[in-house]
Amino acid sequence: MDFEPRYTPEQQEFRREVNAWLKDNVPAGIVHPADPAGLTWEQYQLRRDLGRKLGARGWLWPTAPVEYGGGGLDVDHAVVIEEEIDSHGLTLPPYYDSGGRLGGNSILVWGSEEQKRAFLPPIFTGQVRTWQLLSEPEAGSDLANVKTTAIRDGDEYVLNGQKIFVGSDHGCDYMWTITVTDPGAKRHENLGWFMVPSHLPGITIQPMDLLISGGESGAGSGVKQTVYFDDVRIPAFNLVGGENQGWKVATTHLELEHGTGGRIGRNWLVDRLFEHCRSTNRRGQPMTQDPDVRDRLVDVYVEAEIVRLLNLRNYWMRHSGANITYEGPQASYVRKTSGLRMAQAMLDILGPAGLTHDPELGAADGHMEAHSRAGIVAIHPGGTTDIQKVIMARRIGIGREVREKAGALS
Amino acid sequence: MDLALTPEQEMLKAAARRFVAQEYPKEALLQIASPDETTPLEPWGQLAATGWLGILIPLEYGGEGGSFTDAGVLFEELGRGPTPGPHIASAALSALAVLEGGTESQKRHWLPRIASGELRLVPAITESDYGWDEADVRAVATVADVAAVDSDGDGGGGLRVNGVKAYVFDGQSASHFLCAVRSGESNDVALTVIPADAPGVRARGLPGFAWNLSEVRFDNVAVDAGDVLGGGWAAWRRAVEKAIPVLCAFQVGGCQAVYELSVDYSRTRIQFGTPIGRFQRVQDQIISLVNHLDAARWTTYEALWKLDAGRDATASVRLAKAVASEGYYQACNYAHEVHAGVGSMTEYGLTLHTAASRTLYHYLGDPKQHKRELAAALGL
Ligand SMILES: Cc1cc2nc3c(=O)[nH]c(=O)nc-3n(C[C@H](O)[C@H](O)[C@H](O)COP(=O)(O)OP(=O)(O)OC[C@H]3O[C@@H](n4cnc5c(N)ncnc54)[C@H](O)[C@@H]3O)c2cc1C
């Protein structure tokens, strides 16, 4: 076993290249608002510009195939890029985009050659951003219960319905979504998966008023939206995976969203908390000298390390072709419940300073206050904690003859 | 033994529940909670008209002379809103502080006005080095030119108060502050009444998830020495000990409200063709929630009973605050698990409780502090 990535001289050379490039290209003015709703249009554009530049080099989606605009790099090189971008406090992509990681993978696995050529290069080079439009009022955990319809009419499908809890601020270019294509068919055999251009007539987007948009920190997910489709006509070409095959297509991105992709990178929130406690005096000494604070800081650290290692394991498993079963939902479950526990530890450590983003009386530029909200809200997206447990149990094979298999990944 | 409420308490409970439903419907609570809204005084006027703000104030000082348990019953219902203050701050904490630490003439002066709601007297104790101990009070009061400050002309002399109070609960809805100050001469800590509109006093709300917390600045504020409560910090401590179970009852009411919301939602929300309450995982969340609720309820009501019965209540009070603070915090977490996405929508109203639970977790001391004091009270 070896937990430390070993870098060949060639990789080290690559790291120097990436590092130098990032130094030249990450704009100086990028800020990290504590609440993703604080990401301004200008800041979003800075991040998009960086995304396009990364995309032009094949570094935005490093492991995606070259023929579809990706970097075609192996994991050893992708790791280097992820580590270096992480050291700038950024992620890949440096903005909220559910296209490359989730929808893009579904298209890679299930799309026709023409569809891959049409949809993937703009995504993988950062020309477009896409939103994931799954949830509806009657379809949360029970995603297969969607009511939005897409009915075939000649060379087009006509969409009608409503999606909630989706997207972000500042718009998108494509929405990928799952709808009913055959109202008469059985559950799971009645769905279609579509790439919907977001500028089409009949699409209305309205912001939702939530406690916070979620814990997708760093990527500036912004404000969640309600999207209405009123007789929206889309080309039949945009149906991915074939007629009534939508559920199958969805299993790919759902699998990834359940945490199976893994992740390399640190929890910046923990760093910020530690830094705050080191540099803030309470009763005449640094907070880190207070035994109670020390105990709780260590609790936070322990939580973060477990999450980091489960994500690291999943990243390794995915890229080494290991047989993944329950590990994805496990990482998701532990991350979510751990985020809740961290929020309470922060409240214990900081007192009411952890509940305000006041410049004088708050803590760590409002990042702690934001987590006091995000810790709660982030347990829902991508499947609730209960749903992660349901899937884990099936994959472990608790009480059943046949263990459920994980969804197909690219 | 009889753990039932008296018929009078049942009537009070029903009346308070009707009052909260009528005066503080969800829409009103949401509007009050929205950042650009200053707390409207209209429901406060209605609350004052009920006479309930005098529930802990003896009849001779214009109150209702109720028991601690009566107050618990009332504040539990107010907690169901959760209704915004400054009812706990003024009618429970400050009223008890004046009772414990005021001279006879101070009691006659302040208590009837607290009972009538005319005075919204809000304790301003904690500072940026957050803590509830005497040692944490740094705001300073120095003896000032007597003639300049002796506003009531009784020759009692005057003080100048300087300092910044932080995380003051209900600070923005105060008409007066009950401010903890350290004497520049003797170094003793005392509490003094200061009008919120006195020159040099400035309160501002703290933005974010905090529920009605403020910063209050006192810049060279002139105070009549006759407005300093006689009893000092010891009297304040006695008042806090009695007010805590009343605060806990408010937290119990919050737990009760999110419990009922969760049970209702588990019956009506359909996923996978069935009410989600059929899923054992959802049942588990609600069962954990109700366990927190009942733990908070019975530790709280026993502490209230001990105060009424004149027993030594110290350990019970610490126990109740530790359990109720943790309970309300966790009850909200479980309610969020049950509701998933809908619970994080502002318009649904659950997040009002979540915000309240976080702030009250720390108000008058967090679970850790009370566990430590409990250990001492147990002679460990
Ligand atoms: C901040 C945020 C961001 C989001 N982002 C997106 C997005 O970008 N795109 C998108 O499409 N959606 C998004 N969502 C929606 C999210 O996917 C749903 O909220 C989530 O899947 C849960 O659905 P629900 O809220 O309808 O809860 P419900 O499914 O109604 O769940 C209610 C309760 O029932 C439980 N439950 C349900 N079914 C079962 C079962 N079979 N067994 C045991 N327990 C069960 C749940 O665990 C929960 O406790 C987002 C949500 C939030 C809050």
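The values are calculated or read from the model by the stated rules, or taken from the named source; none is laboratory data. Remember, it's a predicted structure, so these values are computed and weren't measured experimentally. For neighbour counting, all protein chains shown are included, and Cβ atoms are generated from backbone atoms with ideal geometry for every residue, glycine included. Surface areas here come from the heavy atoms of the whole protein model, side chains and all, with no ligands, DNA or RNA. Shrake-Rupley method; radii C 1.70, N 1.55, O 1.52, S 1.80 Å.
Holding the Cα-Cα limit at 22 Å, pick out from A:Lys23/A:Lys53; A:Lys116/A:Lys248; B:Lys242/B:Lys321; A:Lys163/A:Lys248; A:Lys116/A:Lys224; B:Lys242/B:Lys371 the pairs that are longer than that.
A:Lys116/A:Lys224
Max-minus-min Cα coordinates of region A:202-332 on each principal axis give 68, 41, 16 Å, with the largest extent listed first.
Surface listing: B:Lys26, A:Lys116 arranged by accessible area from highest to lowest gives B:Lys26, A:Lys116, probe 1.4 Å.
Scalar couplings 3J(HN,Hα) for region A:285-290, obtained by applying the Karplus form with A = 6.51, B = -1.76, C = 1.60 to θ = phi - 60°, are 9, x, 3, 5, 8, 6 Hz; x denotes Gly and Pro. Two numbers describe the Cα atoms of the protein assembly as shown: Rg and Dmax, which are 29.3, 95 Å.
Whole-Å semi-axes of region B:121-232's equivalent ellipsoid, largest first, each the root of 5 times a Cα gyration tensor eigenvalue?
Numbers: eigenvalues 112, 46, 23 Å².
The equivalent ellipsoid of region B:121-232 has semi-axes of 24, 15, 11 Å.
Distant-in-sequence amide contacts of A:Gln245, defined by a placed amide H-H separation under 5 Å and a gap of 5 or more residues or a different chain, comprise A:Trp193. 3J(HN,Hα) couplings calculated from phi for region B:10-21 with the Karplus curve 6.51 cos²θ - 1.76 cosθ + 1.60 (θ = phi - 60°) are, in sequence order, 4, 5, 4, 4, 5, 5, 5, 5, 4, 4, 5, 5 Hz; Gly and Pro show x.
Within region A:299-344, the residues that become at least 40 Å² less accessible when every protein chain is included than when their own chain is isolated (1.4 Å probe; DNA, RNA and ligands ignored) are A:Leu340, A:Gln344. Taking the helices alone, chain A has a mean residue ellipticity at 222 nm of -13000 deg cm²/dmol, built from -39,500 (n - 2.57) per DSSP H run of at least 4 residues and averaged over all its residues.
Using protein chains only (no ligands, no nucleic acids) and a 1.4 Å probe, work out which residues of region B:321-341 have their accessible area cut by at least 20 Å² relative to the chain alone. So the qualifying set is B:Tyr329, B:Asn333, B:His336, B:Glu337, B:Ala340, B:Gly341.
Chains B and A together bury roughly 3700 Å² of accessible surface, counting both sides and using a 1.4 Å probe on protein heavy atoms.
Between A:Arg129 and A:Asp173, A:Tyr174, the built amide H atoms are under 5 Å apart, and every one of these is 5 or more places off in sequence or on another chain. Using a 10 Å cut-off on Cβ to Cβ distances, tally the other chain neighbours for every residue of B:342-348 and report the average as a whole number. What the average comes to for B:342-348 is 6. Of the peptides B:278-285, B:121-128, the ranking by mean beta-carbon count within 10 Å, highest at the top, reads B:121-128, B:278-285.
From helices alone, chain B scores -16000 deg cm²/dmol at 222 nm; the rule is -39500 (n - 2.57) for each run of n ≥ 4 DSSP H residues, then divide by the residue total.
The residues neighbouring A:Arg341, those whose beta-carbon lies less than 9 Å from its own, together hold a net charge of -2 under the Lys/Arg +1, Asp/Glu -1 convention. With angles folded into 0 to 90 degrees, how steeply does helix B:232-268 sit against the dominant principal axis of chain B? Use alpha carbons for both and round to 10. Value to nearest ten degrees: 20. Each label point was placed 7 Å from the Cα along the Cα-to-Cβ direction; for A:Thr288 and A:Asn25 their separation is 3.5 nm. Solvent-accessible surface of the protein assembly as shown, averaged per residue with a 1.4 angstrom probe and all protein chains in place: 40 square angstrom. For peptide B:365-376, the mean count of partner chain Cβ atoms within 10 Å of a residue's Cβ comes to 1.
Sparse packing (at most 16 other Cβ atoms within 10 Å of the Cβ) combined with a DSSP loop state is found for the following GluC sites (Glu not before Pro) in region B:15-114: B:Glu37.
Where Rh is the Kirkwood radius over the Cα pairs of region B:234-377, the temperature 4 °C and the viscosity 1.567 mPa s, what D in µm²/s does Stokes-Einstein return?
Working: Rh = 15.8 Å.
Answer from the Stokes-Einstein relation: 82 µm²/s.
Distance between the pseudo-spin-label points of A:Glu113 and A:Arg6 (7 Å out from Cα toward the beta carbon): 4.1 nm. Expressed as a whole percentage, what fraction of the accessible surface of the protein assembly as shown belongs to carbon and sulfur atoms when a 1.4 Å probe is rolled over the protein heavy atoms? Carbon and sulfur: 52 percent of the exposed surface of the protein assembly as shown.
Taking each pair of distinct Cα atoms in chain A once, what is the resulting Kirkwood hydrodynamic radius in Å?
22.3 Å is the Kirkwood radius here.
With a cut-off of 14 Å between beta carbons, the residues surrounding B:Glu64 carry a summed charge of -3, where Lys and Arg count +1 and Asp and Glu -1. Please report the projected area of region A:130-245's Cα convex hull averaged over all directions, in nm². Approximately 7.3 nm², given one-decimal rounding. Let me check I've understood the local charge: for B:Trp44, count other residues with C-beta under 12 angstrom from its C-beta, Lys and Arg +1, Asp and Glu -1. What total comes out? In short, -3.
Please name the residues of region A:365-401 whose accessible area, counted over protein heavy atoms with a 1.4 angstrom probe, falls by no less than 50 Å² between the chain alone and the full protein assembly. Flagged in region A:365-401: A:Ile376, A:His380, A:Asp386.
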